[in-house]
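The next block holds one structure in the form of structure tokens; read it before the comments.
The values are calculated or read from the model by the stated rules, or taken from the named source; none is laboratory data. These figures come from a predicted structure and were not determined experimentally. Cβ placement follows ideal geometry from the backbone for every residue including glycine, while neighbour counts extend to all protein chains displayed.
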Amino acid sequence: MDKLIEKVFLLKRDFKILIQLLVDSILILIIFLLSMYLRLDDFSYVDKNDTWLTALITIPITLITFYKLGFYRNIIRYISNEVIITVFYGVFISSWIILFSSQILSFEIPRSVPVIYFTFMIIFISGTRFTVSLLYKYWKSKKPKLVAIYGAGSSGRQLLNFLKESNEYKTVLFFDDDKLLKNRTIMGIPVKSPDNSEKIINNYNLSAILLAMPKLTIEQKQIVIEKIQRYNLEIKSIPNVSQLMIGNTNINDLRNITIEEILEREIVPPIKKLLKPNIENKNVLVTGAGGSIGSELCRQILKIKPRHLIILDKSEFNLYKINQELQNYKIKEKLTSQIYPLLLSIQDRNRVFNLMKKLDVHTIYHAAAYKHVPMIEKNIIGGIQNNIFGTNILVESATKLKIENFILISTDKAVKPTNYMGATKRVAEMICQSSAKLNLKTKFSIVRFGNVMGSSGSVIPLFKKQIKNGGPVTLTHKSITRYFMTIQEASQLVIQAGAISNSGQIFILDMGKPVKIFELAKRMCYLHGLKPFTKGNKGDIEIKIIGLRPGEKIHEELSKSGKYYKTIHPRIKIVSETTKSKKEIDEIIISINKACKKNNLHEIKNELNKLDKDFNLSENFHDVNNF
């Protein structure tokens, strides 16, 4: 029986879908006939043509409905309660077909049959999936997973000894790059080269590869992962082997390698003297404190012990979450910093000014922004009001109150923008640049960088969700590239850049090499043990090219000229970009405001173009306010 179950679970995905279609066809027929019996209390309906014609109509339409709803894309081993919603919609349509047959086609089907059918279908269609999922988990837990250890050195041998005591994993193979170890045997386990090992892996029927090379640098680990990720196996990272051996951790701490680790790079330790000047024992305001960058800035800032940390966000839920986290950290670390949560929009001029004055703010980290390109393309005026007018209000308040430091969080999309989000962020930069020219008491800094891993706007969480749901993984263009860095690194660099600034400078964070998103999507599929495929090919999960969205670039840039100037930090550079005078910018902002009030998007576009000749904004407006 176990061998039969194993063969079924190891079938290719296409065969698994065919089995699902067959099982569902049988279930639909049986449940329909059972519903008829429960209503009529005899089997006389079996001899009637109406019964079989209804079944003949219902079965294919129900299967097509489930397919269109993406029901058969779900990977059963990862199935969740969300599948019940899909089943509900599919079964509702299926039940309606039976009702249609009885009422419109005048088939002899009692009207209560669809109701009985609906109930049983929900139970059995959902139940079969959850039963198979439980059976899979039982099958996987009943027998040890066959694994290979990557690294036949001392750590690998220690791990092998430890796994011998485990009922969950059985080591059948070592992989190692050392040519002297190739085809040798260590402690009874053969050692193979990881190059061209697909046949070996299939022969051993491996479930996972465990990395036992703790001294590898991030770059070396990435090279290793690239070699083995194509084998459709889970790649797990072991905890510290010595901790395993003395019992301070256990085998359950083995975890899957994440895409964030593959994209990660060696961390450059922060320059400590650059962390404290704008924060330690000062009153610090973070706008957009509940967002991905804003919240990480708050965490980093609190560690540096400000006198007051003022966290501002207009989302009650996001503000609540970050406030609770910071308050708990403060108690745990016995900090004396006071935390003030402000539920507030940066567009509220009077409240912004009065609260900044009352709380005697010294430093502002302005992270509040609408940053989703497709959303701003459909809500241009909303994006302008927040990203331009909101920034202008903050800048004017900061200069009037002679606040010491103002650090704007910007984006690579502000360079030669082709979308309104990028354009609004470039205008925000220009507001800060022009204010810095007035030689006021406030020191302005602009920090520009690309995508951060884990942010709400990143493709990584989207791909994870799509993979969990069985695909397709959607991609706008096969050649599209993006820069990535971790939120932690970006936040630390933002803080350090603010301390370097002489006012009005635009800082570029070193993002490393741009990542090809198509390759990123493939890697994420491989890390989940799935073989990706594109249209016309075969595999486990589809990568679907859906076309560029309005305003989307294939490649992002970090500066217009590509010329950078070094700073004392190796990952922070300065770029020189011109701006207009404060008077010119103020006049155009007034004109844009008038155009917004008239809901005139063409006029808005023309006014934005006056600020920068490199704006390349579309007139194919998608703004929902334009109705």
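Here are a few things to note about the model shown:
- Residues that are hydrophobic (A, V, I, L, M, F, W, C) and either surrounded by 24 or more Cβ atoms within 10 Å (Cβ to Cβ) or under 11 Å from Tyr365 (Cβ atoms) (or both) were ranked within the range 291-308; the one that is farthest from the chain's Cα centre (by Cα) is Ile301.
- Checked against the criterion of being buried (at least 16 other Cβ atoms within 10 Å of the Cβ) and at pLDDT 80 or above, the candidates Ser94, Ser101 yield just one match: Ser94.
- Among residues of the range 377-419 being under 17 Å from Asn451 (Cα atoms) and in a helix (DSSP H, G or I), the one that is farthest from the chain's Cα centre (by Cα) is Ala414.
- Hits in the range 583-613 (condition: of a type in the set (Lys, Arg), part of a helix (DSSP H, G or I) and either modelled with pLDDT of 90 or more or not assigned by TED's automatic domain parsing to the domain that holds Ala436 (or both)): Lys583, Lys594, Lys597, Lys605
- Test: residue in the range 421-430 that is assigned by TED's automatic domain parsing to the domain that holds Ala289 and assigned to a loop (DSSP other than H, G, I, E, B): no
- Condition check for Lys371: of a type in the set (D, E, K, R), closer than 26 Å to Ala490 by Cα and assigned to a loop (DSSP other than H, G, I, E, B): yes
- Filtering Ile322, Ile384 for residues that are in contact with a Cys (Cβ under 7 Å, 6 or more places away or on another chain), buried (at least 16 other Cβ atoms within 10 Å of the Cβ) and over 19 Å from Glu296 (Cα atoms) leaves a single hit, Ile384.
- Condition met for Leu180 (modelled with pLDDT of 80 or more, within 36 Å of the chain's Cα centre (by Cα) and within 25 Å of Glu226 (Cα to Cα)): no
- Residue that is surrounded by the most Cβ atoms within 10 Å (Cβ to Cβ), among those in the range 105-119 that are under 14 Å from Ile93 (Cα atoms) and either more than 45 Å from the chain's Cα centre (by Cα) or not β-branched (Val, Ile, Thr) (or both): Tyr117
- The range 544-597, residues that are surrounded by fewer than 13 Cβ atoms within 10 Å (Cβ to Cβ), under 29 Å from Ile393 (Cα atoms) and of a type in the set (A, V, I, L, M): Ile590
- Of all residues in the range 249-269 being out of contact with any Pro (no Cβ under 8 Å at 6 or more places or on another chain), over 15 Å from Leu211 (Cβ atoms) and not hydrophobic (A, V, I, L, M, F, W, C), the one that is modelled with the highest pLDDT: Pro269
- The set of residues in the range 186-219 that are outside any helix (DSSP H, G or I) and among the β-branched types (Val, Ile, Thr) comprises Ile186, Ile189, Val191, Ile209, Thr217.
- If the condition is being out of contact with any Asp or Glu (no Cβ under 8 Å at 6 or more places or on another chain) and in a helix (DSSP H, G or I), then the range 435-476 contributes Ser435, Ala436, Val459, Pro461, Leu462, Phe463, Lys464, Lys465, Gln466, Ile467, Lys468.
- Any pair with Cβ under 8 angstrom, 6 or more apart, that starts in the range 204-223 at a residue that is without any contact (Cβ under 8 Å) to a residue 12 or more places away in the chain and ends at one that is not in a helix (DSSP H, G or I): Gln220/Met213
- Restricting attention to the range 427-441, the residues being modelled with pLDDT under 95 and either of a type in the set (Gly, Ala, Ser) or touching a Pro at 6+ places or on another chain (Cβ under 6 Å) (or both) number 3.
- Considering Phe406, Phe389, the condition of being in contact with a Cys (Cβ under 9 Å, 6 or more places away or on another chain) and buried (at least 24 other Cβ atoms within 10 Å of the Cβ) is satisfied by Phe406 alone.
- Residues being closer than 18 Å to Lys170 by Cβ and either in contact with a helix residue (DSSP H, G or I) (Cβ under 8 Å, 6 or more places away or on another chain) or at pLDDT below 75 (or both) - total across the range 208-230: 4
- Number of residues in the range 48-79 that are at pLDDT 80 or above and of a type in the set (Gly, Ala, Ser): the value is 1.
- All told, Lys282 meets the bar of being touching a His at 6+ places or on another chain (Cβ under 8 Å) and under 25 Å from Glu489 (Cβ atoms).
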